[in-house]
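Take a look at the structure below.
Read the figures in this text as sums done on the coordinates, not as results from a lab. Remember, it's a predicted structure, so these values are computed and weren't measured experimentally. Methodologically, a virtual Cβ is constructed for each residue, glycine included, from the backbone with ideal geometry; neighbour enumeration extends over all protein chains shown.
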Amino acid sequence: MDDTGPLVLGPLLRYAGESSATVWVETRDRATVTLSAFGRQWSEPTFTVHGHHYALLVLEDLEPGSSSEYEVAVDGEVVWPEPEPRFPGLPPSRIHALVKTRPTKMAFGSCRTSVPHDAEGNASNGVDALRAYAFHLSRTSPTQWPHLVCFLGDQVYADETSEAMQEFIASRRSLDEPPWEELKDYLEYAHLYRLAWSDPLNRWLLSTLPSAMIFDDHDIRDDWNTSLDWHREMNAKPWWHDRIVGGLASYWVYQHAGNLSPEALREDEIWQLIAAHRDSGATDELDLTETLDAFAERVDKHPDTYRWSYSRDLGESRLVVVDSRAARVLDPDRRSILDDAEMEWLDGELHGDVDHLFIGTSLPFLLAQGIHDLEAINEAMSEGAFGKRVEPWGERMRRAVDLEHWAAFQEGFAKVLQMVVEVARGERGRPPGTITFLSGDVHNSYVTEIDHDQLGPGASRVVQAVCSPIRNPLPRQARVAQALLARGLNRPLQWLVSHTKRVPDAPLNWRITEGPWFDNTLATLEVRGRGLVLRWDTGVVRGEAFDAPELHQVSRIAIH
């Protein structure tokens, strides 16, 4: 990548619908960005945030099912495609307009660190499964590519930084001052995204495969919003304000804006400012620094004033992506993973009359049942259900071993489960073939399924598919501990829950049907009529062929 060229990062093809698409870029300077495709051109002036320059180009009135290579120019100079000597055979970047009748194929995964793709990086973090997938796609026909890739959290690690990131931090402040080797502000986030997305193979993949994203805790900090005590503790730290403001402001710029369809963008308060400035004929560059900083501060303090969740229609299927981090209710007297406004929105989004319903949430909805029960017990402990003397231990345990998933917020879990059951039973329209939760976070991959007999004849299959990590494997001893917890806690904790009124018993049973696997993987799902085929692939490097990672299948599962 040319560090001095006018194109700093991108292009990223973010959204692709039947008749529209969006493409995101970061440029070195203020500029007009022009995209050429489908025999047409679209231009957009950049806006600036903390001295960085961006444009999101909105392409509309495309022909459904059409496909075109594209070029990007900055102030008239063609900057993409960019020659890449290490990978001279990369195909041209393309935009494919969605075909409603084409069965959905989607890649998904989470938890990806940004370290070099050399012997040292692979020894510490494993082979990047996304990069191996990119190399694989570059040698296959576009007809075999998925519709999109869904990144389910921890796209960047703000609290666990690489040597390259620490070098940048040290160039602007001392690593001996808070927050030390962690990210401090927007400018450090901007550099981290550049490290994450600039590798040539991954950059090509993101330029030609639409992407949907949602944050998890490490995009901000480990255990983000796990409890009210955590929230108070972090807000008391003098460096936290700049961190949370920089994290949320950069998330809107680098991840969230591209999640939205053109229709949803027009309803977005920040995009409305960008569009109004462009349409006004103003000759200056719009500076959103103060606006986005104030916005980020507001939505952190008042999460009900903005929604990070979103949905996408995928033809015969539907993808609903849920924010399970920022919109939490942390009051110990009434915890919920979603606040009332978020829950009401989700209630309106979960319906039938689609062939398949996919629910993206960074945190697994259906954990191994033993771990689910452990988190439910811990929540009851933290709320004083077992007495005031036990309550502090519940909070310490919650944070020490990451008991912070849907199961640790039983009120929200029960409400969403009821919605899903209603969809599955045909009470919200024609039941889909499957209702599939897509998740990450836990650094192992597995499949769980609700006992179908409990849902009744003709009901949807309700499945949880987890893919984690893409590149950040657990140490071996932690893998053994997780596997034992997943299997060994099931019966004793189910017995405990069933014999106490202090912990809500899950109204349905589910079990792990496949896994867990601990490899770095990227998963793909493919619709097959009323069923799905799920596949997990890992990257393998032979010898020193670091730029030719092979893609090897870890598991393949058919759900009929």
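Determine the percent antiparallel among the DSSP beta bridges restricted to the chain, to the nearest 5.
On the way: 67 of 96 bridges.
In the chain, approximately 70 percent of DSSP beta bridges are antiparallel ones.
Give the lysines whose C-alpha is closer than 23 Å to that of residue 388, dropping any in the same chain fewer than 8 places away, or say none.
Partners found: 501.
So for each of 282-290, 303-311 I average, over its residues, the number of other beta carbons within 10 Å; can you give me the resulting order with the highest mean first? Show your work: numbers first, answer last.
On the way: 282-290: 13.0, 303-311: 18.7.
Per-residue mean Cβ counts within 10 Å order the peptides as 303-311, 282-290.
What is the range 63-123 by shape, rounded, prolate or oblate, if you read a ≥ b ≥ c off the alpha carbon gyration tensor as root eigenvalues and call it rounded for a/c under 1.5, prolate for a/b larger than b/c, and oblate otherwise? Please list the in-between numbers first.
Numbers: a/c = 2.59, a/b = 1.23, b/c = 2.10.
Oblate shape, in that a/c is at least 1.5 and b/c is the bigger or equal ratio.
Count charges around residue 152 for me, please; just the other residues with Cβ under 9 Å from its Cβ, Lys/Arg as +1, Asp/Glu as -1. Kindly include the intermediate steps, with their values, before the conclusion.
Values: positive: none; negative: 154, 216, 441.
That sum, taken over residues with Cβ under 9 Å, equals -3.
Classify the range 321-380: rounded, prolate or oblate, from the alpha-carbon gyration tensor (a ≥ b ≥ c, eigenvalue square roots; a/c under 1.5 rounded; otherwise prolate if a/b is larger than b/c)?
Numbers: a/c = 2.51, a/b = 1.35, b/c = 1.85.
The shape class here is oblate.
Could you work out how much longer the chain between residue 511 and residue 36 gets when fully extended? Use 0.36 nm per residue separation minus the Cα distance between them, nm to one decimal. Walk me through the numbers before you get to the answer.
Numbers: separation 475, 0.36 × 475 = 171.00 nm, distance 4.98 nm.
Between residue 511 and residue 36, full extension yields an extra 166.0 nm.
Determine the alpha carbon to alpha carbon distance for each of 184/301; 184/237; 301/415 and list only those over 21 Å.
Values: 184/301 19 Å; 184/237 12 Å; 301/415 24 Å.
301/415, as the Cα separations exceed 21 Å there.
Show me 137-145, 69-77, 104-112 ranked by packing, highest mean number of other Cβ atoms within 10 Å first. Walk me through the numbers on the way to the answer.
Numbers: 137-145: 12.6, 69-77: 17.2, 104-112: 24.8.
Put in order of decreasing packing, that is 104-112, 69-77, 137-145.
Set the Förster distance to 35 Å, then compute FRET efficiency between residue 75 and residue 301 from the Cβ-Cβ distance, nearest 0.05.
Details: r = 39 Å, r/R0 = 1.12.
Here the calculated transfer efficiency is 0.35.
Order these by the 10 Å Cβ neighbour count, fewest first: 301, 415, 388.
Working: 301 10, 415 16, 388 7.
By the 10 Å Cβ count, ascending: 388, 301, 415.
Pairs of alpha-carbon atoms within less than 8 angstrom and 6+ residues apart define the contacts here; what relative contact order does the range 1-71 have, in percent? Walk me through the numbers before you get to the answer.
Values: 133 pairs, mean separation 21.7, N = 71.
This gives 31 percent for the range 1-71.
Just want the ordering: 177, 167, 349, 379, from fewest to most Cβ atoms lying within 10 Å of their own Cβ.
177, 167, 349, 379
Just need the relative contact order of the chain here, percent rounded to a whole number, with Cα pairs under 8 Å and 6+ apart.
Numbers: 1211 pairs, mean separation 90.6, N = 560.
Computed value for the chain: 16 percent relative contact order.
Testing the spin-label approximation: label points 7 Å from Cα along Cα→Cβ at residue 240 and residue 401. State their distance in nm.
2.5
So I have [x] 18, 42, 30, 10, 1; [y] 21, 58, 20, 1; [z] 22, 54, 22, 2, and one of them is P(r) over Cα pairs in 20 Å bins from 0, in percent calculated from this model. Which one is it?
The listed entry that was calculated here is [y].
For residue 444, enumerate residues with amide H under 5 Å from its amide H, sequence gap 5+ or separate chain, H modeled in the peptide plane.
Result for residue 444 returns 468.
Mean residue ellipticity at 222 nm from the helices of the chain, using -39,500 (n - 2.57) per DSSP H segment of n ≥ 4 over the full residue count, to the nearest 500 deg cm²/dmol?
Working: 16 runs with 166 residues, N = 560.
Computed mean residue ellipticity for the chain: -9000 deg cm²/dmol.
To the nearest 10 degrees, how steep is helix 289-301 against the longest Cα principal axis of the chain, on a 0 to 90 scale?
10
On a straight-distance basis, which aspartates and glutamates could pair with residue 100 in a cross-link, Cα separation under 15 angstrom, same-chain partners fewer than 8 positions away excluded?
Cα-Cα hits under 15 Å: 18, 63, 313, 316, 353, 355, 526.
Once phi is turned into ³J(HN,Hα) by the Karplus curve 6.51 cos²θ - 1.76 cosθ + 1.60 with θ = phi - 60°, what whole-Hz value does each residue of the range 68-77 show in order, with x for glycine and proline?
With the stated coefficients, the range 68-77 comes to 8, 5, 9, 10, 10, 10, 10, 6, x, 8 Hz.
Which of rounded, prolate, oblate describes the range 1-136, given a ≥ b ≥ c as roots of the alpha-carbon gyration tensor eigenvalues and a/c under 1.5 marking rounded, otherwise prolate only if a/b is larger than b/c?
Values: a/c = 1.84, a/b = 1.17, b/c = 1.57.
Verdict is oblate for the range 1-136.
How do 241, 52 rank when sorted from fewest to most other Cβ atoms within 10 Å of their own Cβ?
Details: 241 16, 52 24.
Going from sparsest to densest Cβ surroundings: 241, 52.
Name the long-range amide H neighbours of residue 437: under 5 Å, sequence gap of 5 or more, or other chain; modelled H, no Pro or chain starts.
Hits under the 5 Å cutoff: 359, 463, 464, 465.
Under 5 Å between amide hydrogens, which residues at least 5 positions from residue 8 or on another chain qualify, with H placed 1.01 Å from N in the peptide plane?
26, 27, 28
Could you rank the peptides 549-559, 5-15, 444-454 by their average count of other C-beta atoms within 10 Å per residue, with the highest value first? Can you show the working numbers first?
On the way: 549-559: 16.2, 5-15: 22.5, 444-454: 19.4.
Listed from highest to lowest mean packing, they are 5-15, 444-454, 549-559.
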